[in-house]
1. Residue by residue, what Karplus-based ³J(HN,Hα) values in Hz, rounded to whole numbers, does region 50-58 have, using 6.51, -1.76 and 1.60 with θ = phi - 60° and x for Gly and Pro?
2. In whole Hz, what ³J(HN,Hα) sequence does region 98-112 give by Karplus (6.51, -1.76, 1.60; θ = phi - 60°), x for Gly and Pro?
Amino acid sequence: MVYRFSVAALIGLASLASAQDSPAPPPAPPAPPPLPPATAGAPGAKAVDDFDHDAHMHASRERHLKSMETSGVHYQRGVWSYGDYKHNIDGVTTPHGCAAACEADEGCLHWNF
């Protein structure tokens, strides 16, 4: 038995076979989420949800130092960096509370808020 195929028929069969073997192309990626809305004002203004942690830290420092001026407790601006003893004491949220907690603790020799 002799089979006769034309070259065009063989190429067509080969392309059909390869088309069945190749997987479907992947779906397109989803669109990126929209940008948060900016506050009204000048271009480049911060979004409503932005919180300036540095400004908060500096304002808190000044507020706490101001409260110490009339406290009668000795304080000095700066950091005592030797002999860390305790951190984040429960219920202590002010320099006054920190100084009182240190005074009540025999192991505390220097407080740093």
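A short reminder: the numbers here are calculations on the coordinates, not readings from a lab. In this text, all values refer to a predicted model and were calculated from it rather than measured experimentally.
1. Residue by residue, region 50-58 yields 5, 10, 8, 5, 5, 4, 5, 4, 5 Hz.
2. 5, 5, 5, 5, 5, 4, 7, 9, 4, x, 8, 10, 7, 9, 9
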